[in-house]
Amino acid sequence: MASNESILQGVNVLGPVSESQKKILTPEALAFIALLQRSFNSTRKALLERRKIRQAELDKGALPDFLPETKHIRENPTWKGAAPAPGLVDRRVEITGPTDRKMVVNALNSNVWTYMADFEDSSAPTWENMVNGQVNLYDANRRQVDFKIGNKEYKLRTDKKLPTLIVRPRGWHLEEKHVTVDGEPMSGSLFDFGLYFFHNAFQTVKMGFGPYFYLPKMESHLEARLWNDVFNLAQDYIGMPRGTIRGTVLIETILAAFEMDEIIYELRDHSSGLNCGRWDYIFSVIKKFRQNSNFVLPDRSAVTMTVPFMDAYVKLLIQTCHKRGVHAMGGMAAQIPIKDDPKANEVAMEGVRADKLREVKAGHDGTWVAHPALAGIAVEIFNKHMPTPNQLFVRREDVKIGQNDLLNMNVPGQITEAGIRKNLNIGLGYMEAWVRGVGCVPINYLMEDAATAEVSRSQLWQWVRHGVTTAEGKKVDKQYALKLLKEQTQELASKAPQGNKYGLAAQYFSGQVTGEDYADFLTSLLYNEITSAGPARAAAKL
């Protein structure tokens, strides 16, 4: 094996490194992530190019379908994914959130089965957030994460077993510009995965679970194959048996929905199932078919889980997972308790109950919540209707989903000025927080993250692009969109503290809501605003 010194040639760190971060950014760990980058970055970039080619085909009117070349995988009933791993047999309620120290302690103290620590949609990828997140998870896995702010102490509970930790690295499209390898920025995915795995793989096994991950934003089984290759190299490198890592794939793109069998197949020994990433899925449908007027959707509030294309996606996901013996995880309850209005709070919580009841009755093995206060509702409903650790035995053989079902845009509802303003408020509110380094933000008692901001942005673009008319009879064009954007920006800025970033958010947002330019992701569009790359320092000299 090559020495760390030779591997570290060409590896530079451009972000500051504090004393507490040095245990993460060790020469050994940096050598490991450099190896991952050199081994897999060219494939990652080729797959991103493939996405562009696919988008160009969709822009010309092509529609996705199940792949003829992988029909033999879909139609072979004999192969299975891996049996559920230790700590992942029962996942009935999972809490998700960023990796700041307070969230890590609160999430691990919640009455849930797993905690998805998120480097992706609910974290703004500042250098400090990404590296401190690794510090916090390192400490959490060693039960050394307790801390104090002022008079308030945050301590891990000792009266019961803590939830299993699962980590979500960034998607394949994102980079980590604060570390370069041979002159190129690191893949954000490989940076997040590599540092967590290197420091915590053996420690998590010692704690009774393992190095477990949620894999976001994939668009094809080839992207899952790349993750599987990464997992194999990583395990071989540290001498860990293959299959110890587990990955749950978020099906949050319309293209991945046509390749669910194949995605599980590619990850077979490492698969721990699929998850319904609902908001990103809606975003993906709008994004991928943004040039096609047949895919114009009404106000976001009308696009519920029971509309045809969402219902079909859920049913197919559950059927596919259970056929292959892996978990089918439900979606996010993003509500936040409304403490000052008990009546409104009860209405909101009833919505959560109905959503979780729908999920458990459909056959899901677990669900997500964004706030610890919602865990009790989800637990109560899943305990009542799923007395077993999971319901992999619910085969859903009654389900017959085809191309037309996944693409059925028969969604009742209207496009209203209130809906436009709501999208503008969510997009502006999220982007303003993001450029301040905050990756999830409460707006109107809902926890909004990148996915919901993307739905808002994409709907506005789509409505202007296709010149829709609102329920009030107003044609939605560029001038109208920019007029409302200006009004909402002024209103939000007037209520916000001095030094807010609404002006900057509006500057970026204005280029995204006129039906002209369309950035691949808001996070990529804004990333340079939160990078703090300084002079390069050789990794070997840290």
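The values are calculated or read from the model by the stated rules, or taken from the named source; none is laboratory data. Owing to the predicted nature of the structure, the values given are computational and were not obtained by experimental measurement. Positions of Cβ are backbone-derived with ideal geometry, glycine not excepted, and every protein chain shown enters the neighbour counts. Please note that ligands, DNA and RNA were not included when accessible areas were found on the heavy atoms of the full protein model with its side chains. Shrake-Rupley method; radii C 1.70, N 1.55, O 1.52, S 1.80 Å.
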Per residue value of the accessible surface for region 415-523 (all protein chains in place, 1.4 Å probe), Å²: 41 Å²
Positive-pole candidate from Gln21, Gly419, Pro185, dipole of the chain, charges at beta carbon: Gln21
Residues with amide H under 5 Å from that of Gly171, placed H, sequence gap 5 or more: none
Residue-wise HN-Hα coupling along region 79-95, computed from phi with Karplus coefficients 6.51, -1.76, 1.60 (Hz; x: Gly, Pro): 7, 9, x, 5, 5, x, 7, x, x, 10, 5, 10, 10, 4, 9, 10, 9
Counted charge near Lys152, where neighbours are those whose Cβ lies closer than 15 Å (Asp, Glu -1; Lys, Arg +1): +1
Region 229-252 versus region 285-308: alpha-carbon centroid distance in Å: 35 Å
Carbon + sulfur, % of accessible area of the chain - ligands and nucleic acids excluded, 1.4 Å: 52 percent
Lys/Arg +1, Asp/Glu -1 at C-beta; the chain dipole; positive extreme among Gln498, Pro241, Gln291: Pro241
Dipole moment magnitude, nearest 20 debye, the chain about Cα centre, only Lys, Arg, Asp, Glu C-beta charged: 620 debye
Stretch gain in nm, segment Arg142-Thr306, where the contour uses 0.36 nm per residue and the Cα spacing is subtracted: 54.8 nm
Extension gain, Leu233 back to Thr388 (0.36 nm per residue minus Cα-Cα distance, nm): 52.3 nm
Region 202-262 - charge dipole about Cα centre, Lys and Arg +1 at Cβ, Asp and Glu -1, debye rounded to 20: 400 debye
D_trans [Stokes-Einstein, Kirkwood Rh over alpha-carbon pairs] for region 404-542, 4 °C, 1.567 mPa s, µm² s⁻¹: 79 µm²/s
Distance in nm between pseudo-label sites at Lys495 and Arg157 (7 Å out along the Cβ direction from Cα): 3.4 nm
Farthest positive-ward along region 97-176 dipole, Cα basis, beta-carbon charges - from Asn151, Asn132, Val104: Asn151
Sum of -39500 (n - 2.57) over DSSP H runs of 4+, divided by residues of the chain (222 nm, nearest 500): -14000 deg cm²/dmol
Protection proxy ranking, peptides 42-52, 515-525, average beta carbon neighbours within 10 Å, highest first: 515-525, 42-52
Mean separation of Cα contacts under 8 Å (6+ apart) over length of region 75-178, as relative contact order %: 31 percent
Spherically averaged projected area of region 248-400 from its Cα convex hull (nm²): 10.1 nm²
Average accessible area per residue (Å²) across region 245-337 - probe 1.4 Å, nucleic acids and ligands excluded: 19 Å²
Hits among aspartates and glutamates - C-alpha to C-alpha of Lys356 under 12 Å, sequence gap 8 or more where chains match: Asp365, Glu380
Helix runs (DSSP H) in the chain reaching 18 Å along axis by Cα, Kyte-Doolittle at least -0.5: 27-59, 188-206, 221-238, 308-323, 372-385, 417-434, 450-465
At 1.002 mPa s and 20 °C, Stokes diffusion of the chain via Kirkwood alpha-carbon radius, µm² per second: 90 µm²/s
Ser524 paired with Asn76, simple spin-label distance in nm, labels 7 Å along Cα-to-beta-carbon: 3.4 nm
Length gained when the stretch Glu57-Lys541 is fully extended (0.36 nm per residue, less Cα-Cα span): 169.5 nm
Amide H partners (placed H, <5 Å) of Thr367, local residues excluded: Val93, Glu94, Gly330
Region 313-398, Cα convex hull volume normalised per residue, Å³: 89 Å³
Leu165 long-range amide H proximity, modeled H, under 5 Å: Tyr115
About the Cα centre, charge dipole magnitude for region 161-242 (Lys/Arg +1, Asp/Glu -1 at Cβ), debye: 480 debye
